[in-house]
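Worksheet for the structure shown next.
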Amino acid sequence: IEMSSVGGQSRMKNESMYKFLAFNAGPRTCLGKDMAYLQMKAAAAGILRSFHIRVVENQVVKPKISLILAMKNGLLVTLQQRISLEPLT
């Protein structure tokens, strides 16, 4: 979803369901799409809580055309473990 402003009025713009080939669109949309998003968010939250992440500079980032979401050459990052983790409340 993307925000756009037309005539001083903000509107939300929905992305095409065909943007990510792995999930497709229409009557044959992926049944596990919502679960995949939930698992992806949980994994990302755990990693972001435990590590500082920095993207390696000067790399070419391109999507790979396939049935699964992937990057053509991967995404190089460096991880540095956080010194202290605050307890969850």
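Every residue, every condition in (1) farther than 24 Å from Gln81 by Cα; (2) without any contact (Cβ under 8 Å) to a residue 60 or more places away in the chain; (3) not polar (S, T, N, Q), yes or no:
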site	(1), (2), (3)
Thr29	yes, yes, no
Lys33	yes, yes, yes
Ala42	no, yes, yes
Leu48	no, yes, yes
Lys62	yes, yes, yes
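Within segment 35-52, being open to solvent by less than 70 Å² (accessible area, probe 1.4 Å) and either of a type in the set (Lys, Arg) or part of a strand (DSSP E or B) (or both) holds for one residue alone: Phe51.
I'd like to check something: does segment 14-34 contain any residue that is open to solvent by 90 Å² or more (accessible area, probe 1.4 Å), under 14 Å from the mean Cα position of the chain (by Cα) and at pLDDT 70 or above? Scanning segment 14-34, I find at least one residue that is open to solvent by 90 Å² or more (accessible area, probe 1.4 Å), under 14 Å from the mean Cα position of the chain (by Cα) and at pLDDT 70 or above, so the answer is yes.
Please determine, by comparing only the residues of segment 56-81 that are aliphatic (A, V, I, L, M), part of a strand (DSSP E or B) and at pLDDT 90 or above, which one is least open to solvent (accessible area, probe 1.4 Å). So the residue we want is Val77.
The values are calculated or read from the model by the stated rules, or taken from the named source; none is laboratory data. Source: prediction; values computed, not measured. Cβ: placed from backbone, ideal geometry, glycine included. Neighbour counts: every protein chain shown. Accessible surface areas use protein heavy atoms only, side chains included; no ligands, DNA or RNA. Shrake-Rupley method; radii C 1.70, N 1.55, O 1.52, S 1.80 Å.
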